[in-house]
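What follows is a short report on a single structure.
The values are calculated or read from the model by the stated rules, or taken from the named source; none is laboratory data. Because the structure is predicted, anything quoted here is derived from the model rather than measured. Methodologically, a virtual Cβ is constructed for each residue, glycine included, from the backbone with ideal geometry; neighbour enumeration extends over all protein chains shown. In case anyone asks, the SASA skips ligands and DNA or RNA and just uses the protein heavy atoms, side chains included. Shrake-Rupley method; radii C 1.70, N 1.55, O 1.52, S 1.80 Å.
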Amino acid sequence: MKKKLIFGTALLLSLGLAGCGETATKDESTNDSKQEASAPAAKEEGKLTEEKFKQIKDGMTYEEVVKIVGAEGNIISETGSAGEPHHTVMYEFETDGVMSSSTMMFQGGKLINKAQFGVETSDIEITLEQFNKLANGMTKEQVFDILGGEGAVLSESGDIVMYTYNGKSLGANASLMFQGGKLMNKTQLGLE
């Protein structure tokens, strides 16, 4: 439940960062008719892995992402119409992990956000003592020095990156958000 809450928060952040107005949720029957004109129709075999997730970069087209993943995504929301500059489509991609998920948001045909839960992992554990040493405004290098390394990328939108770290007890975790390479938000749940 806690993991779903964190992914939900990242998803809401992703939607907010995209500058979406209204978001229309799609059902399976309208999925094909609303897909971007440039998206291939046939599904290919493949699942999103940690290695593939790391290859996907801001500004890529849907086709470039599909080529890396090896399969198309399913539309989960869409705002505007194809061809408009603020046409925004969010896809969910099948992942290779148990209880994992990933979404990619495209605006004007370009990737503006990638988010994952359970696809990319980190062996770095965080304690409450370490968390309390972190201060907004610190650089990534200062934060990674305190924590002993980089966490898993939970979400990335341009120069805004959210990392996640696991705590020592089950369900304990921390999320750190950086903008322009500086810590702008820290959140923890159950750290000891």
task: For region 145-168, name all the residues that are open to solvent by 40 Å² or more (accessible area, probe 1.4 Å), outside any strand (DSSP E or B) and at negative phi.
output: Asp145, Ile146, Glu150, Asp159, Lys168
- line: Phe178 passes all but one of the listed conditions (1) in contact with a helix residue (DSSP H, G or I) (Cβ under 9 Å, 6 or more places away or on another chain); (2) more than 25 Å from Met60 (Cβ to Cβ); (3) of a type in the set (A, V, I, L, M, F, W, C); the exception is number (2)
- prompt: Listed residues Glu84, Glu92; which is closer than 19 Å to Ser157 by Cβ and open to solvent by 10 Å² or more (accessible area, probe 1.4 Å)?
  reply: Glu92
query: How many residues are open to solvent by less than 20 Å² (accessible area, probe 1.4 Å) and at pLDDT 95 or above if we restrict to region 117-130?
result: 1
- line: Flagged pairs (Cβ under 7 angstrom, 6 or more apart or on separate chains; first in region 166-192, touching a residue at least 60 places away in the same chain (Cβ under 8 Å) and more than 16 Å from Gly148 (Cβ to Cβ); second exposed (fewer than 13 other Cβ atoms within 10 Å of the Cβ) and of a type in the set (Lys, Arg)) are Gly171/Lys2; Leu189/Lys2; Glu192/Lys168
